[in-house]
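**Q** I'd like to ask some things about the structure below.
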Amino acid sequence: MFTDFSTTSLRHSMRYPFNEIEPRWQKYWEENKTFKTGEDFSMPKYYVLDMFPYPSGAGLHVGHPEGYTATDIIARYKRMRGFNVLHPMGWDAFGLPAEQYAVKTGVHPAITTKQNVETFRRQLKMIGFSYDWDREVNTTDEKYMKWTQWIFSQLHKAGLAYMAEVPVNWCPELGTVLANEEVPEQIEKGFTVWRRPMRQWMLKITAYAERLLTDLDELDWPESLKEMQRNWIGRSEGAEVRFDIDATDDSITVFTTRPDTLWGATYMVLAPEHPLVDKVTTDAQRKAVAAYIDAASRKNDLERTELAKEKTGVFTGAYAVNPMNDERIPIWIADYVLMTYGTGAIMAVPGHDERDWEFARSFDLPIREVIAGGNVDEAAYTDTENGVAVNSDFIDGLGYTEAFEKVVVWLEENGRGRRKVNYKLRDWLFSRQRYWGEPFPIIHVKHPDGHEEIKLLPEDALPLTLPTVESYKPSGTGESPLATIESWVNTTDSETGLPAMRETNTMPQWAGSCWYYLRFMDAHNDEMFCDKEKEAYWGPVDLYVGGTEHAVLHLLYARFWHKVLYDLGHVSSKEPFLRLVNQGMILGEDGRKMSKSFGNVINPDDVIRDYGADTLRLFEMFMGPLEQVKPWNTKGVEGVHRFLNRVWRLFIKEDPEAATAEFDASIQDVEADTESLRLLHKTIKKVGEDIEALRFNTAISQMMIFVNEMNKKDVRPRAVMETFVLLLAPFAPHLAEELWRLMGHEATLAREPWPAFDPVYTVDDEVEVILQVNGKLRDKLLVAKGTAAADLEAAAKENEKVLAHIEGKTVVKVIAVPDKLVNIVVR
RNA sequence: GCGAAUGUGGCGAAAUUGGCAUACGCGCUAGACUUAGGAUCUAGUGGGCUUAGUCCCGUGGGGGUUCGAGUCCCCCCAUUCGCACCA
């Protein structure tokens, strides 16, 4: 022990000396490596993980410590329960803000990142979190990046990474493309985003769509979050149907979930970007079609959908043939059909699809009823439960399910289509035209015959690090600033000696966070991304806590990578995060979202300065249920601070003159009285159960009850008080450690066994039984626990107040529940 | 429009199995100590009342089940979040 404990003074007579206690214990923990995670694999393990932060320049926000305190309480509690606890922290340090700052100032993002990380680390240490800092990881660290690139190589080898010319979301202000998921955020910021074809790296997440969907069922995650992932994956069962184009050899394939309405298809619609558009358009319509396509290309998906009130479209002049009835139906193009979903083409059944109905009304196209039950003149009839097929040949009279099956069989037998499951989920656009990201371990080899070969760098060439650049500005051509560094870009293929160019795209921020939870298990391994034995022991994560903002992106991508690694035999579980909890956002004191513009931002540093870290921790947990959105309240902070002061005064003599802390005279080595024991054991039980269930607010209120009761006593049995300190420890570790030490213990309480409660003291031998007449409370009765129903009934019938209410009336029924109540029903 | 969650004092909230509604904290009121109190401690604090009674009402609104409903069922309203032409 190197820490100096000689000066616990009472300089601040009214408030306990948190500003001395806290830094001192933080120093002690650091020097003694109190929270270093052991590697005794015979112990039961518990892996409790926070979503690691992006170290922004603004520093820690009060929202961060909310989830972090929750996991820290769990970690400290589990350690005391004898678990080998893995509780690490790191940095998701690639990201746009550092790069944009670099563009503006010319300061290398690595420098900004390093400074920000230092701030974050210092702030987190000031709150007293029990992280094993020896396992700290940083996604921008070359040693970490090496394995991110290695995992990409595995994906590539597995055929899950490919390059494709795809319409991307191009943002001219940022000079980069965006993932679909990132678009709404940027538009909100006022940036423009439009479609532009570009050669991009894609990851084949769609190959895992089904498993990502079905495996959700096994996870202990919030239902709403699972629902969000289900919606994002968007599975729908239907059929692909091929429509011949009249007078040509071409055909249009559509996806439909309603093959039972095929006879009602009165026209077809292609997305404006559909490859067949150009081919089928007649000369007469060519001008109108071209104008329409041009207008559509200037809109993004959001404008084409959400903002479009009226349906627009243009006739191509061509006709298709309905395979069910050989009818000639017109082919239109319209931007309400998206190239990115299904086949980019639909059969329009205006009678039974709302969008098609609207479109048909706008353009005066025929609406035909093929499902009876509604009135297609007024609205599309889409009921699949009650509708019955009509005007539909061999399925007439059938309900949805039978009709669906029969049509699919017919399509397959006649070679006109097939059963098909379609997903909304699209492949993951994995490249960014930025500097501050992981370079792809890829070279484009130029063969003498002129063809280009995409080749992975050999494993021993990893990590491929970022070169220094003079300007961080996007090149403007759609390529990253890396493209301008010729000495870096031009290289040779070590295998063939042929000239090659490096890939100049970088990976998105999500890459590093897809596997960091694995790296924590074996943070310094230079031979592998994570040792197999360690992974088998630590994985999967038992509890993962973070915000809802990562509901679909990070959590879906990480699950995808995990499944790939599982398939390749690198990890032992199908899913990375067994249990997941979203902490609710903390609002400003005014009930609005904390924001600089509202001036309602609370800085954790200020709270720690004024009240101490233990108060910050305790208040964040006392505010309400973890999952809930709740407003900050400075008065509430003072409330929990008062509680901690009371705890201190329960033990320590109030004497402003004293140089060192001395025990209050009430702390005595006496045998505990039954009343204190009852209080203590009830508190042990409730605090333990509440921690397990993440109900920290009620655990704290029970400790407050304990303190309020003990406060009234002149004698506070030492053993009782000592046990209480252990209960408080996960919540207010600095104060608890200090009291523990003052009670004469040499070492930290971090691994003291969690107190056990004795059921003898948690149940009272006398209980209050409620006496009711007609369900209304009339009196209460104190009886021995377990008093028989018959005895309760007899006692109730002798009770004066009860008698007053049943006098002169007929007793119809008596309900007597032992230890609860007696209810006499009279008429 | 679709989906999910949530509605309890002046405020944050509790009530774990259908059994005392409002624990705990804030705020407020009164008192004690004090030169002082923005410290501390004690007591009180859902609403109503010509009968101040251990009376009546009371958990978003309406109905229902039950001896008994914040809790279970049905309908409605509000708020928040997510999705949104997904064929």
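**Q** Scanning the stretch A:707-741 for residues that are part of a helix (DSSP H, G or I) and touching a strand residue (DSSP E or B) at 6+ places or on another chain (Cβ under 7 Å), which turns out farthest from RNA strand B (Cβ to nearest atom)?
**A** Initially, the stretch A:707-741 is screened for residues part of a helix (DSSP H, G or I), giving A:707-711, A:718-728, A:733-741.
In the following step, the residues that additionally are touching a strand residue (DSSP E or B) at 6+ places or on another chain (Cβ under 7 Å) were identified as A:710, A:718, A:721.
Numbers: A:Met710: 10, A:Arg718: 21, A:Met721: 16 Å.
That would be A:Arg718.
**Q** Now a separate question. Tell me which helices (runs of 4 or more DSSP H) are completely within the stretch A:747-814 and hold 2 or more residues being within 13 Å of RNA strand B (Cβ to nearest atom) and open to solvent by 80 Å² or more (accessible area, probe 1.4 Å), or say none if there are none.
**A** The helices (runs of 4 or more DSSP H) meeting that bar are A:800-806.
**Q** Counting residues that are within 16 Å of RNA strand B (Cβ to nearest atom), within 21 Å of A:Glu549 (Cα to Cα) and open to solvent by less than 50 Å² (accessible area, probe 1.4 Å), which helices (runs of 4 or more DSSP H) fully inside the stretch A:140-243 reach at least 1?
**A** Answer list for the stretch A:140-243: A:183-188, A:209-214, A:223-233.
**Q** Pick from the stretch A:586-622 the residues that are assigned to a helix (DSSP H, G or I) and of a type in the set (S, T, N, Q): which of them is least open to solvent (accessible area, probe 1.4 Å)?
**A** Step by step, filter the stretch A:586-622, then rank; the result is A:Thr615.
**Q** Go through A:His156, A:His108 for me and flag whichever is outside the structural domain of A:Thr748 (by TED's automatic domain parsing) and at pLDDT below 95.
**A** A:His108
**Q** Taking the stretch A:451-476 on its own, how many of its residues are open to solvent by 60 Å² or more (accessible area, probe 1.4 Å) and either among the polar types (S, T, N, Q) or touching a Phe, Trp or Tyr at 6+ places or on another chain (Cβ under 6 Å) (or both)?
**A** Qualifying residue count for the region: 1.
**Q** Identify the single condition in (1) modelled with pLDDT of 90 or more; (2) under 24 Å from the mean Cα position of the chain (by Cα); (3) not assigned by TED's automatic domain parsing to the domain that holds A:His61 that A:Phe560 does not satisfy, given that it satisfies every other one.
**A** Only one criterion in (1) modelled with pLDDT of 90 or more; (2) under 24 Å from the mean Cα position of the chain (by Cα); (3) not assigned by TED's automatic domain parsing to the domain that holds A:His61 is unmet by A:Phe560, namely (3).
**Q** Consider the stretch A:45-59. How many of its residues are closer than 18 Å to A:Ser130 by Cβ and either modelled with pLDDT under 95 or of a type outside the set (Lys, Arg) (or both)?
**A** Number of matching residues: 8.
**Q** What's the number of the condition A:Lys446 fails, among (1) open to solvent by less than 60 Å² (accessible area, probe 1.4 Å); (2) more than 16 Å from RNA strand B (Cβ to nearest atom)?
**A** Looking at each condition in turn, A:Lys446 falls short on (1).
**Q** Hey, could you check the stretch A:645-686 for residues that are within 14 Å of RNA strand B (Cβ to nearest atom), outside any helix (DSSP H, G or I) and in contact (Cβ under 8 Å) with a residue 24 or more places away in the chain and say which is surrounded by the fewest Cβ atoms within 10 Å (Cβ to Cβ)?
**A** A:Pro656
**Q** Any residue in the stretch A:687-706 that is open to solvent by 30 Å² or more (accessible area, probe 1.4 Å) and away from RNA strand B (no atom under 11 Å from the Cβ)? Spell out how you get there, then give the answer.
**A** Our first condition is that a residue be open to solvent by 30 Å² or more (accessible area, probe 1.4 Å); within the stretch A:687-706, this holds for A:689, A:692-693, A:695, A:697-698, A:701, A:704-705.
Subset that is away from RNA strand B (no atom under 11 Å from the Cβ): none.
Taking every residue of the stretch A:687-706 in turn, none turns out to be open to solvent by 30 Å² or more (accessible area, probe 1.4 Å) and away from RNA strand B (no atom under 11 Å from the Cβ).
**Q** Could you identify the single residue in A:Ala500, A:Ala511 that is open to solvent by less than 30 Å² (accessible area, probe 1.4 Å) and assigned to a helix (DSSP H, G or I)?
**A** It is A:Ala511.
**Q** Which condition number does A:Leu518 fail, the rest of (1) in contact with a Phe, Trp or Tyr (Cβ under 7 Å, 6 or more places away or on another chain); (2) in a loop (DSSP other than H, G, I, E, B); (3) free of Cβ contacts under 8 Å to residues at least 60 places away in the same chain being met?
**A** Looking at each condition in turn, A:Leu518 falls short on (2).
**Q** Here is a follow-up. What pairs come up if the first residue lies in the stretch A:615-639 and is over 24 Å from A:Thr548 (Cβ atoms), the second is modelled with pLDDT under 95 and in a loop (DSSP other than H, G, I, E, B), and their beta carbons are under 7 Å apart, counting only those six or more places apart or on different chains?
**A** If the second residue must be modelled with pLDDT under 95 and in a loop (DSSP other than H, G, I, E, B), the pairs left are A:Thr634/A:Glu589.
**Q** Residues of the stretch A:608-636 being under 17 Å from A:His61 (Cβ atoms) and small (Gly, Ala, Ser), which ones?
**A** A:Ala613
The values are calculated or read from the model by the stated rules, or taken from the named source; none is laboratory data. Just so it is clear, the structure is predicted and the values come from calculations on it, not from any experiment. No Cβ is skipped: glycine too gets one built from the backbone with ideal geometry, and neighbour counts run over all protein chains shown. Just so you know, the surface numbers come from the protein's heavy atoms only, side chains and all, with ligands and any DNA or RNA stripped out. Shrake-Rupley method; radii C 1.70, N 1.55, O 1.52, S 1.80 Å.
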